[in-house]
Amino acid sequence: MHEGAIAEQIIRIVKDELSKQSSDWAVEKISLSIGKMNAIVPSSLQFFFDVIKVEHPRLKESVLDIKQLPILASCATCSRSFEIEEPLFICSQCGAALAIESGKDMHIEKISFRSEKEGCTLSEEIKK
Ligand SMILES: [Zn+2]
């Protein structure tokens, strides 16, 4: 169970971005991408996020939007490239060992901020 630690890390990053905005901005939505290789349970991450966010006034109304990315693997022997549901490291076509191309990454894609004062929304694309 490392979802709690990940939720804390997300909040730390978002607070850091928030500190660059003026004080009347609050976080509305955080778009997160997680490769399935990370074996994160989205509902669990969501739970920890909701528990921690209430401690932060400018985050407590925010929503965490989790997008799971497929695991992409390729076979060096038959050069087939495909998506796998589970970390299965054998090529279904020729039986050789697979190389994982993507599915390990995890990053915040976007943070949306909302201003109470101005009633408008600002989105910021974040690449970590
Ligand atoms: Zn193969």
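When we screen I52, I30, I40 for residues that are in a loop (DSSP other than H, G, I, E, B), of a type in the set (A, V, I, L, M) and surrounded by 13 or more Cβ atoms within 10 Å (Cβ to Cβ), the only hit is I40.
Among the residues examined, K60 qualifies as under 23 Å from G4 (Cβ atoms) and either not acidic (D, E) or not in a strand (DSSP E or B) (or both).
None of the figures in this text is laboratory data; all of them are computed from the coordinates on show. The model shown is predicted, which means the values in this text are computed figures rather than measured ones. With ideal geometry, Cβ positions are generated from the backbone for all residues, glycine too; neighbour counts draw on all protein chains shown.
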